[in-house]
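Undergrad: What follows is a single structure, and I will ask about it in a moment.
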Amino acid sequence: MNELEIIYVNPFGEIIHEGEVLKIKRVVVESTRSESQMRELLENNEIVIENEWYVLFENGTLIEKSRSKVSSSSYLVGFKHKNIKNCYEVL
């Protein structure tokens with residue numbers, strides 16, 4: 001019996017990382033993780049690409065932003081992107 005493979009759609013499109021197409025292996029909503037779990041994830045994994053709504057790590061983890069997302073009202077004053085590492089003070 002073959003196991004069912006879950007295929008996630010990459011919101012960034014096709015991303016080439018280290019010569020291969022980076023596949024999404026796991027999707028996590030930021031608000032379901034504690035701040036310490038998020039800091040650990042950010043300290044131990046390289047971010048490949050990030051935008052206002054998502055962060056994609058080299059290990060195939062896709063984070064859907066919630067706490068670190070730019071609020072709708074911030075777009076009115078010109079904010080477009082907030083780095084997730086700055087939100088958790090991870091440099």
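The values are calculated or read from the model by the stated rules, or taken from the named source; none is laboratory data. This one's a predicted model, so the numbers in the text were calculated from it and none came from an experiment. Every residue, glycine among them, receives a Cβ derived from its backbone with ideal geometry; neighbour counts consider all protein chains shown.
Undergrad: For residues in region 70-87 being assigned to a loop (DSSP other than H, G, I, E, B) and within 30 Å of G19 (Cα to Cα), which is modelled with the highest pLDDT?
TA: Looking only at region 70-87, we keep the residues that are assigned to a loop (DSSP other than H, G, I, E, B), and these are 70-71, 77-83.
Subset that is within 30 Å of G19 (Cα to Cα): 80-83.
Numbers: K80: 73, H81: 77, K82: 79, N83: 89.
Looking at residues that are assigned to a loop (DSSP other than H, G, I, E, B) and within 30 Å of G19 (Cα to Cα), I get N83.
Undergrad: Which residue pairs have Cβ atoms closer than 6 Å, lie 6 or more positions apart in sequence or on different chains, and pair a first residue in region 71-91 that is surrounded by fewer than 11 Cβ atoms within 10 Å (Cβ to Cβ) with a second residue that is at pLDDT 75 or above?
TA: H81/E52
For (1) free of Cβ contacts under 8 Å to residues at least 40 places away in the same chain; (2) among the polar types (S, T, N, Q); (3) surrounded by fewer than 13 Cβ atoms within 10 Å (Cβ to Cβ), each residue gets a yes or a no:
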{"position": "I6", "(1), (2), (3)": "yes, no, yes"}
{"position": "F12", "(1), (2), (3)": "no, no, no"}
{"position": "R26", "(1), (2), (3)": "yes, no, yes"}
{"position": "T32", "(1), (2), (3)": "yes, yes, yes"}
{"position": "Q37", "(1), (2), (3)": "yes, yes, yes"}
{"position": "I49", "(1), (2), (3)": "yes, no, no"}
{"position": "L56", "(1), (2), (3)": "no, no, no"}
{"position": "L62", "(1), (2), (3)": "no, no, no"}
{"position": "K65", "(1), (2), (3)": "yes, no, no"}
